[in-house]
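Below: the structure, in structure tokens.
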Amino acid sequence: MTSRIPHFYDLPLQERRQKILEAAPALKPELLAAWSEGGLAAETADSMIENVIGVHSLPLGIALNFIVNGREVLIPMAIEEPSVVAGASFMAKLARAGGGFFATADPPQMIGQIQILGLADPPSARLRIYEHKAELLAEADEVDPLLKRLGGGARDLQVRLIEDSPIGPFLVVHLIYDVRDAMGANAVNTACERLAPRLEQISGGKVHLRILSNLADRRLARARVRIPAEALAFDEYTGEEVRDGIIAAWAFAAADPYRAATHNKGIMNGIDAVVIATGNDWRAVEAGAHAYAARSGRYTSLSAWGKDEQGHLVGSLELPLAVGIVGGATKVHPAARAAIQLMGVKTAAELAEIIVSVGLAQNLAALRALATEGIQRGHMSLHARQVAIAAGASGELIEKIAARMVAERTIRIDRAEELLREFTSNPSHEG
Ligand code: MEV
């Protein structure tokens, strides 16, 4: 199979669906239907959260051209922002010259935290807990027999003494738990709650919080890419200019938190879109990413860009990625199931490897645009369509009004309304 589908962008929506079925024979047609019908029945939604009155939809686009670890993959992205899917697809196309993206993911180990208060002698209590480590791990291991059968379960236990706190010293136990192909919050939270009474006996303190940490820094995913400088050339820009512009843009984010926040937001445009399309918890992924970006004590870029000895642009990205392919919405939501099936992923680690690659591609798309023509040009035509729709345009008028606003470089709702009035009072107007 190939993730290259020439002219996909220009095809009518129905034909795009057909192309996806042809390109990914493993995708069951009824799962593709999940995307055409909004994906989630209100009755299913009713069993997922409280007070349901309906469902909320987002556009679902397919990122093309990706090769991740030598495998061609079509990537579903759920996102409302124009240019994101096109940006990722375009950068993945450039990346093909260097073999695509090379990605790895750590074993799926999550961290659960158990806070222990009210200790007369926290340092001694800390050591006493270590003396019972084997017993505590064995108990935590019992929590989820299915997970254990699949090779997951408790892996390690660490005890931290937090001295500098507004309420004085206390202990935090970190339970390291292998959650296999799950995101893992449920298994970890249950295990933390299970250990609490025994930890109180051993420490003589009072267990307070028992909850997963979203700084999942034992479950990192990383990707790298190499792009020949000449592939970056366009319009009046030489490949070297674009490459050096990208590196200078990255240096800005590496040195300045104000820029790093936006730079990382661009990375998360790609990451969240796939996280959402697969029914995963994007707030967890966001929290982990930004906490990881601040791990040195100063918030900085999650990615790095430079050049190799041949002058090729090289980029890398590393961040925690707690995503699963079993449990929760990933299994209940038909569109999430379709997403997993389309990508053909068999493990959570494989999904993380694809997601981190999309994040890197997205970052490159943003930096390339920012370092050259700016991002507005690429954004304009789709943005103009959205403004035209917001002004009340439908059918052919959307494209007509959008094209006129782009030509005038004035994309505003008042102008769209004016044009709508003009075109509807004079339908033969050529625009
Ligand atoms: C917009 O959603 C994302 C960018 O601002 C990212 C960046 O500035 O790197 C274009």
Problem set entry | Unique residue being at pLDDT 95 or above and of a type in the set (Gly, Ala, Ser) when the list is ALA97, ALA34, ALA125, ALA41 | ALA125
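Find the helices (runs of 4 or more DSSP H) located wholly in the stretch 344-431 whose residues include 1 or more that are away from the ligand (no atom under 16 Å from the Cβ) and at pLDDT below 90, and list them.
Qualifying helices (runs of 4 or more DSSP H): 376-390, 396-408, 413-425.
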For this session: Exactly one condition in (1) assigned to a loop (DSSP other than H, G, I, E, B); (2) open to solvent by less than 20 Å² (accessible area, probe 1.4 Å) is not met by ILE111; state its number.
Result: (1)
For this session: Kindly indicate whether TYR237 is outside the structural domain of LYS148 (by TED's automatic domain parsing) and within 16 Å of the ligand (Cβ to nearest atom).
Result: no
For this session: May I ask you to list pairs of residues, at least six apart or on different chains, whose Cβ atoms are under 6 Å apart, with the first in the stretch 9-22 being in the same structural domain as MET343 (by TED's automatic domain parsing) and the second being modelled with pLDDT of 90 or more and of a type in the set (Val, Ile, Thr)?
Result: LYS19/ILE5
Exercise. Looking at PRO82, PRO76, which is the one that is assigned to a loop (DSSP other than H, G, I, E, B), closer than 27 Å to ASN363 by Cα, in the same structural domain as ILE355 (by TED's automatic domain parsing) and within 18 Å of the chain's Cα centre (by Cα)?
Worked result: PRO82
Seminar exercise, completed: Of (1) on the phi > 0 side of the Ramachandran plot; (2) within 33 Å of the chain's Cα centre (by Cα), HIS174 fails just (1)
Exercise. Would you call LEU119 assigned by TED's automatic domain parsing to the domain that holds ASN186 and in a loop (DSSP other than H, G, I, E, B)?
Worked result: yes
For this session: For HIS333, work out the one condition from (1) surrounded by fewer than 24 Cβ atoms within 10 Å (Cβ to Cβ); (2) away from the ligand (no atom under 16 Å from the Cβ); (3) outside the structural domain of ILE271 (by TED's automatic domain parsing) it doesn't fulfil.
Result: (3)
Exercise. Residues in the stretch 272-290: is at least one within 16 Å of the ligand (Cβ to nearest atom), in a loop (DSSP other than H, G, I, E, B), open to solvent by 30 Å² or more (accessible area, probe 1.4 Å) and over 30 Å from SER124 (Cβ atoms)?
Worked result: no
For this session: Collect the residues in the stretch 223-262 that are buried (at least 20 other Cβ atoms within 10 Å of the Cβ) and either outside any helix (DSSP H, G or I) or at pLDDT below 95 (or both), keeping them in residue-number order.
Result: ALA223, VAL225, ILE227
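The values are calculated or read from the model by the stated rules, or taken from the named source; none is laboratory data. Quantities reported herein were computed from a predicted structural model and do not represent experimental measurements. All Cβ positions, even for glycine, are placed from backbone atoms using ideal geometry, and neighbour counts span all protein chains on display. These area figures cover heavy atoms from the full protein model, side chains too; ligands, DNA and RNA do not enter into them. Shrake-Rupley method; radii C 1.70, N 1.55, O 1.52, S 1.80 Å.
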